[in-house]
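These notes are about the structure you will find just below.
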Amino acid sequence: MPADPPTDISTTREWVALLGRPVPQPLKLLFDADPERAERYVVDAADLHVDFSKTHVDDGTMAALLDVARAAGVERRRDRMFAGEPINTTEGRAVLHTALRAPRGTVVEVDGCDVVPDVHEVLDRMAAFVDDIRADERITDVVNIGIGGSDLGPAMATKALAAYTHPRLRTHFVSNVDGADVHRTLSGLDPASTLFVVASKTFTTVETITNATTARDWLVAALGDAAVSDHFVAVSTNAEQVEAFGIDIANMFGFWDWVGGRYSVGSAIGLSLMIAIGPEAFGEFLAGMRAIDEHFLDTPLEANVPVLLGMLGVWYVDVHGCSTKAVLPYAEELARFPAYLQQLDMESNGKSVRLDGGPVDTATGPVVWGEPGTNGQHAFYQLLHQGTTVVPVDFIGVARPNHPYQHHHDLLISNLFAQAEALAFGREAPDEPHRFFAGDRPSTMILTDRLTPSTVGQLIALYEHIVFVQGTVWGINSFDQWGVELGKELANRILPELTDTPAPDRHDSSTNALISWYRDHR
Ligand code: F6P
């Protein structure tokens, strides 16, 4: 089936109709006018309960948003993604993170070849290896060395699932090329009881190779060269580079170019997570993702949570001009979720060129940020409530904690609900302008029963598909990341210039002066 050309959404009559909708009523009036609003703007997907009644949407606007989604071909492109078509056209690749959680026996073909048996072969190898590590009393610490998608996914999920982790094994994540990161991590460790997982799709990423080399030197200094094969494994698509680094291919877990880095936590990139929570829980994590995949595939747009939330996001960015979005989990274990989403969303949809090479005529991905509540309340919520910028918020909360302190949890949840209420409805303060809360600030509430491997998987897949829906509407490629290249190239150029003789003079005057300052002070 030939690919449809991307739609320039801004030229469609559906988009024009959306822009022509009346300015929405304030939230207070919307609730006053519709006593059933709190029931009608609520949807469930698997174990996620989503209340978007405190956004400004009404039935007419939602219908207009879904018309835009249809005009953009969201359903058609979704089906093409799941079917393994090369929708990542700038890199000529399929986009098949969904195949990573396809049950055994499902058929997903890339270039006529079913990839699901390969996926399960790697998962089985991972499980056998993980069982050995979890049973091996000599290993107490696992260090994942990776960056971006080879760090944030497993780091976020391992923290989110701290309640499920193996009692003996501590998992550490080293990502930054700043030597402080590897130094702090290695300082507390014993080489004899440490396993390193070097995670890199390309195995050429300078941060990861530098950190892995430092870790290997540290290990070899204590235990000799022979110890490398027992203490290092690799996760990569690049067997050649893994071997060149000195890790035996027998100790490598592979994945495929149709898995994007920021979409890779369900692949072998999740090895350190699987070590932490065990193969069975990792299977539940994948099943959670799969449950949302099925919801996204099978649910009519009117109740399709990634579509609804994706389109609301488009509306706030493009119609309301909200250029940032906060994700505020009221769950300490989800502390890294906003950082994870920053890469997922901003590396995917931070684009200004459409798939056909033309400029985007709409605003695209917002700046995503956040911190867990209640900490954020004592830091930046002042601006959320009374600042001049309106920031749509996604709140995330759980009914039952993974700790025994019920009173803490009731306090936490009372704050969660109170913040959404205060943002939406504000407070009158006649004659006291500083105490006045205008309210009318939108938020979406995502609730689930508990943080479990399954529900964490569900949250991840939900946001993956939201990003997909939005990228499709904007007509951009959410699966490449050319925008990270230039900085890497320039860093390679500058590195030798920090020490070369004679001192170079090859850049703009500001960069030359900075290099010169560093040379004088290093
Ligand atoms: O620099 C961006 C990036 O390419 C991300 O997309 C990716 O997740 C990260 O670097 C790490 O890449 P790799 O897994 O190849 O080391």
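Values quoted throughout were computed directly from the atomic coordinates according to the rules given, and no laboratory measurement underlies them. These numbers were taken from a predicted model, which means no experiment stands behind them. Cβ placement follows ideal geometry from the backbone for every residue including glycine, while neighbour counts extend to all protein chains displayed.
Results, tabulated for the structure shown:
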read-out	value
Using alpha-carbon coordinates, inclination of helix 509-521 to the longest axis of the chain, degrees	50
Between segment 332-408 and segment 438-453, the alpha-carbon center distance in angstrom	11
Dimensions (Å) - the chain, Cα atoms, principal axes, largest first	74, 58, 57
C-alpha long axis of helix 59-71 to longest principal axis of the chain, angle in °	50
Segment 47-115 and segment 251-316: distance between their alpha carbon centers, rounded to Å	12
Percent antiparallel among DSSP beta bridges (both partners in the chain, rounded to 5)	30
Cleavage-rule hits, GluC sites (Glu not before Pro), segment 27-122, DSSP coil, Cβ neighbours within 10 Å at most 13	36
Sequence-distant residues sharing a close amide H with residue 170 (under 5 Å, placed H)	141, 142
Angle between the chain longest axis and helix 453-474 axis [Cα atoms, degrees, rounded to 10]	70
